[in-house]
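Readers should treat all values here as calculations from the given coordinates under stated rules, not as data from a laboratory. Model, not experiment: these values are computed from the prediction. Quick reminder, even Gly has a Cβ in these numbers, built from the backbone with ideal geometry, and neighbours come from all protein chains shown.
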Amino acid sequence: MICSVEQCNGAGDCRKSTLIGGTLCPSYKVSHNETMSTRARANIIRETLTHGINGLTLEAPELQEVLDSCLACKGCRSECPSNVDMTRIRAELLQQIHDHKGTPLRSWMVARMASVQQLGHIVAPLYNLMATWKLSSSIIKRIVSFAPERNIPTLSLKTMRSQWSSCGGQQSAVSRQQKKLTHSHIHTFTHSQGTLFLFADEFTNYMEAELGITFANLLTRLGYNVIIPKHVESGRAAISKGCLKLAKKYATRNVELLADIVSDESPLVGIEPSCILSFRDEYPDLVPIAMRKKAKQLGNNALLFDEFLVREMKKGNISPDDFKDTPVEIWLHGHCHQKALVGIEKTVEMFSLLSGATVHRIASGCCGMAGSFGYEKEHYKTSLAIGEMILFPTVRKAVSGSNESVPMFVAAPGTSCRQQILDGTGVHAVHPIEIMYRMLK
Ligand code: SF4
Ligand code: SF4
């Protein structure tokens, strides 16, 4: 960690203005306060770790402040000239602070949100009532220090996994080879284009099951065997709250369950960028050293929805002939982890399958929600201010300037980005794969 913070050369590119564009660094851009820059975080962490001078310890308020205001958006990882990766440094340091002082209730809860939702699913209507009824939701938000203005996300009544399973019950053809391949994994179709493993990430599985089914249906109609394999949650929320020991358990289990069945030929494909990209970015460092090689191989074959569809387009397995060529206007906001690790070019390339599409890239950085950051009471205003820098005004302008005769979509692959756009503008953004599905012939 000390080597990582020492990479900062102090030149201050992390103090860029909004006018220059990019993601780095949203908390500085919105505050123009040095203590909210990547450089300040690197400096304070370096002081704490090397000297502990001026009374800086793991409990120093200065350290808490700089860690607390970081959105873990990974903007610095790709845009800082020295690639200071504050998302990773922050997570490692937070784990040390948790070890020292205990994990705060909110971080503990958010890190285990998928487990809470899994339990909640047993009584989904009651969970949703509690989440939406004014009195109960305000009590919950007060307990976990969420902003009263935010809505607690509700659950789909049936998970993506169970919907796909019951849909599969109506399909009879499961080949012996696939049964062997999938072991206890749950669902297969017989088609000609190849097999892929669909990652039922915790956000899609519990909260947006219909989106997951839409993607599975899109792939099936394009001729792929879709298997939702047995796996555990990605651990994204645990990583973001600095609960790395918990994240390590999830990463290790997923590598155990998936590494031997996923391959270049049958990749693992994901819907939510922050979850599937964890396989590539964090897993190789989270798992025990003996599993690192397997984790890297798995990460190389873990693809985002757009990477998979573009790959298949290049192989000639999918073509514009599969989709309608009617005009459609798309305003695209990429997820900040996607921008930092792989870029949004593949999403734009995927939309080239829609001959009538006009794609506008929104020049936004992080949307400001960043997982639970925007839900947290003390970050609510900062979160909305970050959205107001570019994203919200562009979305409002796009909607007000749209032509009624041409369908217009605001597209955002991130679950929290779509929620932030809704909360900030009232516009329902969709996942890019929903547009692809609607445009299927
Ligand atoms: S964090 Fe990166 S961009 Fe900021 S001062 Fe250090 S090296 Fe420069
Ligand atoms: S992760 Fe994002 S918010 Fe945190 S220092 Fe890097 S650019 Fe700034």
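A compact table of results
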| quantity | calculated |
| --- | --- |
| J(HN,Hα) series, the stretch 25-33, from Karplus relation 6.51 cos²θ - 1.76 cosθ + 1.60, nearest Hz, glycine and proline x | 10, x, 5, 6, 3, 7, 10, 6, 10 |
| Within the chain, percent of DSSP bridges classed antiparallel, to nearest 5 | 10 |
| J(HN,Hα) series, the stretch 74-88, from Karplus relation 6.51 cos²θ - 1.76 cosθ + 1.60, nearest Hz, glycine and proline x | 6, x, 5, 4, 9, 9, 5, x, 9, 6, 5, 9, 5, 4, 6 |
| Filter on K101/K296; K134/K241; K16/K134 - keep pairs with C-alpha separation over 30 Å | K101/K296; K16/K134 |
| Cα centre as origin, Lys/Arg/Asp/Glu Cβ charges: the stretch 191-253 dipole, Debye | 400 |
| Reference-scaled alpha-carbon Rg (2.2 N^0.38 Å with N residues) for the stretch 2-102 | 1.02 |
| Between the stretch 403-429 and the stretch 91-148, the alpha-carbon center distance in angstrom | 26 |
| Taking N as its residue count, the alpha carbon Rg of the chain over 2.2 N^0.38 Å | 0.97 |
| Computed label-point distance, nm, for sites T18 and T326 using a 7 Å Cα→Cβ extension | 3.7 |
| Estimated inter-spin distance, L157 and S145, nm [label 7 Å along Cα→Cβ] | 3.7 |
| For the stretch 255-321: relative contact order, % (alpha-carbon pairs under 8 angstrom, 6 or more apart) | 38 |
| Acute angle (nearest 10 degrees) that the helix 380-389 long axis makes with the longest principal axis of the chain, alpha-carbon atoms | 70 |
| Segment N9-I122, length gained on full extension (0.36 nm per residue, minus Cα span) | 35.5 nm |
| Cα-based helix-to-principal-axis angle, 391-400 vs the chain, degrees rounded to 10 | 40 |
| Under 5 Å, built H, 5+ apart or other chain: amide partners of E376 | A147 |
| Phi to ³J(HN,Hα) by Karplus 6.51 cos²θ - 1.76 cosθ + 1.60 over the stretch 211-219, Hz, x for Gly, Pro | 5, x, 5, 4, 5, 4, 5, 4, 5 |
| Mean ellipticity per residue at 222 nm, deg cm²/dmol - from DSSP H runs of n ≥ 4 across the chain, formula -39500 (n - 2.57) | -14500 deg cm²/dmol |
| Exceeding the 25 Å Cα-Cα cut-off - candidates K29/K245; K315/K441; K158/K230 | K29/K245 |
| Lys/Arg +1, Asp/Glu -1 at C-beta; the chain dipole; positive extreme among A114, A237, L93 | A114 |
| Amide H within-cut-off set for V269, under 5 Å, with H built and near neighbours excluded | F197, L198, F199, L303 |
| Amide hydrogen neighbours beyond the local backbone of T358, cut-off 5 Å, H modeled | V328, E329, I330 |
